[in-house]
Structure formats: structure tokens, C-alpha cells
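Worksheet: the structure to be examined is printed underneath.
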Number of protein chains: 2
Amino acid sequence: MPRIAYVNGAYVPHRHATVHIEDRGYQFADGAYEVVNAFRGRLIDERLHLDRLDRSLGELSIAPPMTRQAMRLIMREVVRRNRMTTGLLYLQVTRGVAPRDHKFPPAIKPALVMTARSIPEFPKEMHDDGVKILTIPDIRWARCDIKSVALLPNILGKQAAAEADAYEAWMVEAGDYITEGSSSNAWIVTADNILVTRPTGNRILAGITRRAIFGMAEELGYTIEERAFTVAEAYAAKEAFMSNSSHFVTPVTQIDDAVIANGKPGNLTLELHERYVRYMEAAIPLQSLEA
Amino acid sequence: MPRIAYVNGAYVPHRHATVHIEDRGYQFADGAYEVVNAFRGRLIDERLHLDRLDRSLGELSIAPPMTRQAMRLIMREVVRRNRMTTGLLYLQVTRGVAPRDHKFPPAIKPALVMTARSIPEFPKEMHDDGVKILTIPDIRWARCDIKSVALLPNILGKQAAAEADAYEAWMVEAGDYITEGSSSNAWIVTADNILVTRPTGNRILAGITRRAIFGMAEELGYTIEERAFTVAEAYAAKEAFMSNSSHFVTPVTQIDDAVIANGKPGNLTLELHERYVRYMEAAIPLQSLEA
């Protein structure tokens, strides 16, 4: 079955899915996006993703391309046409098409693209063995709270990680403080079993999975400290993990040359991952959802 | 006559000029660009622009999409098909099309888009009256030397300027130092007739017009100091101007609420502008150039 994309009002075969060369997303990275996880026929935290998309667009003064109700209908149709039960639904909104000029054009229609791609349910070895992290300087702009498509520093970071046989890059700002990963939030567990993660603000994205972990940690009786933590603290952590919508809670067992604890995924990390899977299983299946 | 764009091997009517939704330029701002000024049938500093494009692509590990000879042939053909004598030739190169994944995809073909747009020869009132500048915080990433399409902070800056009835935004980093404009380099002239502009490096783009001004100032017997300068210095300057490929040397007569000197374009600024026009007139006409 060919994949189907939604592009500005039409459902089109993926290979013919195009946007204009003067779409401002292409010339200026003038847009925002979301990746919503589909798990066994459920869209996970759909409302929170759409809330965050609204916020990103608001910060960029881009009008929503349509009502949320209409957006949710299209999301379901894209999932259905791609027969996706587990995978990733990608939504991108840009300011639209206009003759190239830096400042905002008057009254143009925002562009909306959606794609869906099935992926295997768990990258099992990632959760069995944990992943390696490379730390790199955080060279990004000052508004990392906006989930914009200006991802050039993020892809350079992810590539640097790949070239170092690491799975993810954690970005480090002045003072040796870790901000977040190139496409994930960063967490450590201290010797006292305190969960530590960077507070939200302009330096990191307010992760949706990050937020879910807050609720799960509370249920489990753990304390979360929202504070900046250093690379040295991470090296010495009892556990470390990363969180994002596509890979949930992923154990980190090595950071640069430092093996974390005994080099095995930590117990709390694995507990959070299991709990997150149950959290996803408890979501309302798509077919029983009114859009 | 409809405008014609070059897109990945084909000359197409502008309105049908499209790229794939998974072009990494659209999803990740994973590409670089140049704007080459055409003036009375000449392409100005073509070689320098192509050198800079090569450098940007090199820094991003994107292979050149073709030989320079082939690129120059296409540039000429785009100019010819659009019957452009004075205007802007826009070139954009991205890493190419691949399933969305942050890290670089293996061996894909870079994408190349070119457009040409005729514009009036001089924005005369800009040079007669000068323009107003708004200073704003520089929130960009740490690699402003790369002319990437990740221009989101630049467009937000230009829009902030427009909303303040200013023509351009000058960006200010910690310590109150001006880096550059959202699409131009920033210059002041001190009471001692010293030209001051920010040194190249990671914080600014190495402007092609900026470079030409170095030669012209030398001919005129002026000294250029390459150093960071503050907003306060700019307010108190004898003259101020901005430089870029589309508007050459543009007098600045107001910065925020500060009127610069007597509020008229400065003599040195106007002299540099005149000289730059002669510099352009001395370029070899396109039709007599071997591609």
C-alpha cells in the first residue's frame, strides 16, 4: 500500500506530496511541527501535542491553519489511509507561500502537511541495553521552547552522535549544564533516588513524555527536582535516561566515555518505561474516539 | 511573461515549482542559500557568492549539487528565461529528500532551486533619506557564519523592525554589542572618520558587499576597524549604514529613538554607495561571460 500524505487540503500519494518552493518553511524555516505517537491504534496525548502546536504557532504569530476539530479529523484520516496502528504521525504548519521577503507577508493561508509512518512497536535492544549519549556544545538559538522546523543545530548534533556511535547528543551550555537532547529531554537519577531534569523555559522544549513522567514518578512515590544539572553529575548518576514521544523512556547506559553505574538500564528507568507503556495502553482507541 | 524557476533539473513555471515534503530543507532547515545581485545585465560578485555557498555547504557536510561550471550555466539560463537585467537571483541547496530522521541520510542527491526576480534599480528614498534601525536581542544560534535557511530568528527580527516602523533590525548580544542586521551587516563611522564593523567569525555572516567596502574604503583613504561596537557607540556615531547584496550601502539615519548625527545620510556613506554602483557597473556583462 502506498503511503498517503495530507498536503494543504488534499490526500496525495507520498511520492507526489510537494509544497511550493516559496513556502516559507522551505526558505526561512518559518513553521512549527509536532510528532504524535500512535500506539496500538491510539494517538498518545493528542490534546497536549495540539496544545503545544498552538503555543508554538502563537509564539511565531502564525494563525492555526484550521479548527482543532478539523485538524483532528484529518489526523484520523491520515492514520486510517496509512493503516497505521503503531507509528508516528507528523504534523507541520508553516506560515504559507509568499514571494521571498523576511518580514511576515500580509494575510496568507498557513500551510499544513501531515504524514504517517508505521514503525516497529519497541526498539527492544534500546530498552534492554540502553543507549550511549555524546555530549556536545549547545549552539542553538534562545527559543528552544518553540518546536520550530529550524532544526539545523539538532540534526548536526544527532549526526555528531551517530558518528561517535552514540544514539543521541545531549547539549551542554556554558557552566557545563546539560539542556536537553537533540530530539529528547534528558534525565538523571541521583544516588538518593531523586529524579532530576531541566526546568522548562526558553532553553528546552517542554516535552509531552517528560510531562507524563511527572505523573508517573509521583504515583511511584519519587521526587523530581527540576533544575539544571552538569555533565559531571550525569557521569556520576545512579541512572540516566532520555524521554520523547517516539521512544518513550529510553535508558542511557553510557555518556561520552563514562559508563553509568554498572552499565545496565536502571530499575527506576525500566519501571517508568513499563508504566509509560501501560499509560499508552490506557488511552482511548482511535476508532472509538469522536474526532 | 511567467516567471521560471529551476528545480532539481527542470525549468518550471514559478507557480508549479515545488519540492517534496520530505526535502530536508522543509523539515529541518537543512540547507544553505545565496542571493546574487543582478545589476544592468551583470551578476555581481558571482564567484564570491559561489565560494561562500561552497563554504556553507562544506560546514554542513552537504555535497555540491553539481560542478560550479554547471551551476553557472543554470544561473545564466534562469536569468535569461526571466529576462532579468536588474534583480535578485536566489539559489538554495538542501541536503535532499529522505524519510524524516535527524541524522544525515546515506548518499542522497542534494536539491537545488533557483529563482530570479526583477526589482527596481534603486530604492531611491532609502538612499535619499536613510532608514531607521530597531535594535533587538540577538537570539540566533552560534554559527551565524553559515548562510543556512534556518532563518526563523532573522524573520522574527525583521518583522519586529517592521512593526516598529523600522527597515531593519540590528541584533545585540550580551555586553550590548551589535552583531549584525537580520539580513545585512552593520557599520558605523566614528567622529574620527574611522569605519567600524564587526569582525567576521561565528557571530556574523561574512558579507560579500561588506568585503567590497573594504576595498573601496582603502581606495578612499579611510581606515576600517574590525571590532565589536556597542549600541551606545552606534547612537553617538557620525554616520551609520548597513550593507548587503540587495541594497548595497544603505544610510542609517535613526537607531531606535536616536537620530544619527543631523538625521541625514552621511557623506562617507553616500560616497561608498556611489562607488559601489560604479563597482557594479564595471562588472563584466553576462552576455559576454563564458559560463
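The values are calculated or read from the model by the stated rules, or taken from the named source; none is laboratory data. This is a predicted model, so every value here is computed, not measured. All Cβ positions, glycine included, derive from the backbone under ideal geometry; neighbour counts span all protein chains shown. We work out accessible area using only protein heavy atoms, side chains counted, and drop any ligands, DNA or RNA first. Shrake-Rupley method; radii C 1.70, N 1.55, O 1.52, S 1.80 Å.
Answer with yes or no whether B:VAL35 is more than 30 Å from B:PHE122 (Cβ to Cβ), out of contact with any helix residue (DSSP H, G or I) (no Cβ under 7 Å at 6 or more places or on another chain) and within 12 Å of chain A (Cβ to nearest Cβ). Answer is no for this residue. Within region B:123-141, being under 23 Å from B:TYR177 (Cα atoms), surrounded by fewer than 21 Cβ atoms within 10 Å (Cβ to Cβ) and under 18 Å from the mean Cα position of the chain (by Cα) holds for one residue alone: B:TRP141. Count of region B:259-289 residues, restricted to those that are among the aliphatic types (A, V, I, L, M), farther than 17 Å from B:ASN193 by Cα and in contact (Cβ under 8 Å) with a residue 24 or more places away in the chain, is 6. The one condition from (1) open to solvent by 20 Å² or more (accessible area, probe 1.4 Å); (2) within 12 Å of another protein chain (Cβ to nearest Cβ); (3) touching an Asp or Glu at 6+ places or on another chain (Cβ under 7 Å) that A:ARG95 does not meet is (1). Take region B:61-81 and flag every residue that is out of contact with any helix residue (DSSP H, G or I) (no Cβ under 9 Å at 6 or more places or on another chain) and under 16 Å from B:LEU286 (Cβ atoms). B:GLN69, B:LEU73, B:ILE74, B:GLU77, B:VAL78, B:ARG81, listed by residue number. Among the residues of region A:103-118, the ones that are in contact (Cβ under 8 Å) with a residue 24 or more places away in the chain, more than 9 Å from chain B (Cβ to nearest Cβ) and of a type in the set (A, V, I, L, M, F, W, C) come to 4 in all. Applying the condition of being touching a residue at least 40 places away in the same chain (Cβ under 8 Å) and in contact with a helix residue (DSSP H, G or I) (Cβ under 9 Å, 6 or more places away or on another chain) to region B:216-233 and asking which residue is farthest from B:VAL277 (Cα to Cα) yields B:TYR222. Screening B:MET84 against (1) open to solvent by 20 Å² or more (accessible area, probe 1.4 Å); (2) assigned to a loop (DSSP other than H, G, I, E, B) leaves a single unmet condition, (1). Could you say whether any residue in region A:193-204 is within 14 Å of chain B (Cβ to nearest Cβ), of a type in the set (A, V, I, L, M) and within 27 Å of B:PRO99 (Cβ to Cβ)? Scanning region A:193-204 turns up no residue that is within 14 Å of chain B (Cβ to nearest Cβ), of a type in the set (A, V, I, L, M) and within 27 Å of B:PRO99 (Cβ to Cβ). Every condition in (1) surrounded by 15 or more Cβ atoms within 10 Å (Cβ to Cβ); (2) outside the structural domain of A:HIS14 (by TED's automatic domain parsing); (3) of a type outside the set (Phe, Trp, Tyr); (4) more than 16 Å from A:ASN202 (Cα to Cα) holds for A:ASN154 except the one numbered (4).
Scanning region A:225-251 for residues that are open to solvent by less than 40 Å² (accessible area, probe 1.4 Å), of a type outside the set (A, V, I, L, M, F, W, C) and not in a strand (DSSP E or B) returns A:SER245, A:SER246, A:HIS247.
Do we have B:GLU22 as more than 14 Å from chain A (Cβ to nearest Cβ), acidic (Asp, Glu) and either farther than 30 Å from A:SER183 by Cβ or surrounded by 16 or more Cβ atoms within 10 Å (Cβ to Cβ) (or both) here? Against the criterion (more than 14 Å from chain A (Cβ to nearest Cβ), acidic (Asp, Glu) and either farther than 30 Å from A:SER183 by Cβ or surrounded by 16 or more Cβ atoms within 10 Å (Cβ to Cβ) (or both)), B:GLU22 does not qualify. If only residues of region B:259-274 that are buried (at least 18 other Cβ atoms within 10 Å of the Cβ) and of a type outside the set (S, T, N, Q) are counted, the one that is farthest from B:THR190 (Cα to Cα) is B:HIS273. Tell me, yes or no, whether region B:119-129 has at least one residue that is away from every other protein chain (no Cβ under 14 Å) and either in contact with a Cys (Cβ under 7 Å, 6 or more places away or on another chain) or of a type in the set (S, T, N, Q) (or both). No. One residue stands out among those in region B:183-224 that are surrounded by 12 or more Cβ atoms within 10 Å (Cβ to Cβ) and charged (D, E, K, R): the one that is nearest to the chain's Cα centre (by Cα), which is B:ARG210.
Put simply, of A:ARG3, A:ARG15, A:ARG40 the only residue that is within 13 Å of another protein chain (Cβ to nearest Cβ), surrounded by fewer than 21 Cβ atoms within 10 Å (Cβ to Cβ), closer than 23 Å to A:HIS247 by Cβ and in contact (Cβ under 8 Å) with a residue 12 or more places away in the chain is A:ARG3.
Among the candidates B:ALA169, B:ALA161, B:ALA107, B:ALA174, single out the residue that is open to solvent by 10 Å² or more (accessible area, probe 1.4 Å) and assigned by TED's automatic domain parsing to the domain that holds B:ARG203.
Testing whether each residue is open to solvent by 10 Å² or more (accessible area, probe 1.4 Å) and assigned by TED's automatic domain parsing to the domain that holds B:ARG203 leaves just B:ALA174.
I'd like to know if region A:61-78 contains one or more residues that are open to solvent by less than 20 Å² (accessible area, probe 1.4 Å), assigned to a helix (DSSP H, G or I) and under 30 Å from A:TYR235 (Cβ atoms). No: zero hits. Only one of A:VAL79, A:VAL93 is outside the structural domain of A:MET242 (by TED's automatic domain parsing) and farther than 24 Å from A:GLU180 by Cβ; which? Just one listed residue meets the conditions, A:VAL79.
A single entry from B:ARG100, B:ARG47, B:ARG52 fulfils the requirement of being assigned to a helix (DSSP H, G or I), surrounded by fewer than 20 Cβ atoms within 10 Å (Cβ to Cβ) and either at the interface with another protein chain (Cβ under 9 Å from one of its Cβ atoms) or not hydrophobic (A, V, I, L, M, F, W, C) (or both): B:ARG47.
Taking each residue of region A:141-167 that is within 7 Å of chain B (Cβ to nearest Cβ) and within 23 Å of B:MET171 (Cβ to Cβ) and looking for partners that are polar (S, T, N, Q) and open to solvent by 30 Å² or more (accessible area, probe 1.4 Å) with beta-carbon atoms closer than 7 Å, six or more apart or interchain, yields A:ALA142/A:ASN202; A:ARG143/A:ASN202; A:ASN154/A:SER183.
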